[in-house]
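Participant: The structure's right below; bear with me while I get my questions together.
The values are calculated or read from the model by the stated rules, or taken from the named source; none is laboratory data. This one's a predicted model, so the numbers in the text were calculated from it and none came from an experiment. Using ideal geometry, Cβ is built from the backbone for each residue, glycine included, and neighbour counts are taken over all protein chains shown. Accessible surface areas use protein heavy atoms only, side chains included; no ligands, DNA or RNA. Shrake-Rupley method; radii C 1.70, N 1.55, O 1.52, S 1.80 Å.
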Amino acid sequence: MRENRFWQRLSTFLRRLPWIVSGMYLIWRVFQTKYSLGVVGIVFNAQGQVLLVEHVFHPKRPWGLPGGWVNRREDPAAAIQREFLEELQLHINPDVLLLAEFHKGNHLDLAYLCSTTGTIGQLSYELLGYRWHDLAELPRLYPFQQRAIAKAIDFRETYGIHE
């Protein structure tokens with residue numbers, strides 16, 4: 001419990017001074033390869049709600065899709081499986097690549113529609129919480145994640161996928 005309090009305080013601090021994360025990101029970018037790659041996963045439950053997590057290190061918009069960075073020479077589908085395991089202890093299948101977009105010039109984001117039959121375990125230090133959200137009541141998300149969820153909804157409607 002004490003460890004969680006530290007991450008909660010750090011998140012509160014970063015929300016008050018979001019420029020710190022932006023500065024860290026710029027420094028991090030200097031030492032990265034030509035392109036960086038990130039992945040997010042979209043998971044729906046049987047009620048049609050989407051899984052969102054509250055991130056410690058996203059001070060401007062803390063709620064979002066689970067995901068993270070793709071390591072050097074790592075397959076993006078394997079990366080999203082790894083991220084779900086690390087962050088949520090949840091086994092997923094990346095079923096469909098829904099969306100790929102460049103962000104900030106040299107960062108590529110990928111969004112997968114995922115399925116699972118597992119349950120969420122202990123959260124990593126990167127997350128403060130998780131919640132299943134009704135699609136009509138989503139919090140403010142990053143634009144890429146909003147578009148990815150919209151693509152997932154369209155895909156599920158087109159192919160008649162219902163949990």
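Participant: Which numbered condition in (1) in contact with a Phe, Trp or Tyr (Cβ under 8 Å, 6 or more places away or on another chain); (2) farther than 25 Å from Val21 by Cβ; (3) modelled with pLDDT of 95 or more is the only one that Glu137 fails?
Facilitator: (1)
Participant: Condition check: modelled with pLDDT of 95 or more and out of contact with any Gly (no Cβ under 6 Å at 6 or more places or on another chain). Does Val56 satisfy that?
Facilitator: yes
Participant: Let me ask another. Would you point out the residue of the range 66-99, among those that are part of a strand (DSSP E or B) and touching an Asp or Glu at 6+ places or on another chain (Cβ under 7 Å), that is nearest to Gly129 (Cα to Cα)?
Facilitator: So the residue we want is Gly67.
Participant: Please verify whether Gln47 is open to solvent by 40 Å² or more (accessible area, probe 1.4 Å) and in contact with a Phe, Trp or Tyr (Cβ under 8 Å, 6 or more places away or on another chain), treating the condition exactly as stated.
Facilitator: When the stated conditions are applied, Gln47 passes them.
Participant: Right, here's the next one. In the range 62-76, how many are more than 16 Å from His107 (Cβ to Cβ) and in contact with a Pro (Cβ under 8 Å, 6 or more places away or on another chain)? If you could, list the steps in order and put the result at the bottom.
Facilitator: Looking only at the range 62-76, we keep the residues that are more than 16 Å from His107 (Cβ to Cβ), and these are 62-63, 66, 73, 75.
Narrowing further to those that are in contact with a Pro (Cβ under 8 Å, 6 or more places away or on another chain): 63.
Qualifying residue count for the region: 1.
Participant: Just the residues that are closer than 22 Å to Glu87 by Cα, of a type in the set (Val, Ile, Thr) and not in a helix (DSSP H, G or I), please, taken from the range 1-51.
Facilitator: Result: Val39, Val40, Ile42, Val43, Val50.
Participant: If the Cβ limit is 9 Å and pairs must be 6+ apart or interchain, which residue in the range 8-31 that is over 24 Å from Leu123 (Cβ atoms) pairs with which residue that is loosely packed, with under 12 Cβ neighbours inside 10 Å?
Facilitator: Partner pairs satisfying both residue conditions: Ser22/Lys60; Arg29/Lys104.
Participant: Pull up the range 53-99, narrow it to residues that are within 17 Å of Ala148 (Cβ to Cβ) and aromatic (Phe, Trp, Tyr), then point me to the one that is most open to solvent (accessible area, probe 1.4 Å).
Facilitator: Among those that are within 17 Å of Ala148 (Cβ to Cβ) and aromatic (Phe, Trp, Tyr), it is Trp69.
Participant: While we're on this one: Is it true that Glu163 is farther than 23 Å from Arg5 by Cβ, among the acidic types (Asp, Glu), at pLDDT below 95 and not in a strand (DSSP E or B)? Steps first, please.
Facilitator: Working: farther than 23 Å from Arg5 by Cβ: yes; among the acidic types (Asp, Glu): yes; at pLDDT below 95: yes; not in a strand (DSSP E or B): yes.
Against the criterion (farther than 23 Å from Arg5 by Cβ, among the acidic types (Asp, Glu), at pLDDT below 95 and not in a strand (DSSP E or B)), Glu163 qualifies.
Participant: Looking only at the range 112-135, decide whether some residue is assigned to a helix (DSSP H, G or I) and either touching a residue at least 40 places away in the same chain (Cβ under 8 Å) or open to solvent by 90 Å² or more (accessible area, probe 1.4 Å) (or both).
Facilitator: Taking every residue of the range 112-135 in turn, at least one turns out to be assigned to a helix (DSSP H, G or I) and either touching a residue at least 40 places away in the same chain (Cβ under 8 Å) or open to solvent by 90 Å² or more (accessible area, probe 1.4 Å) (or both).
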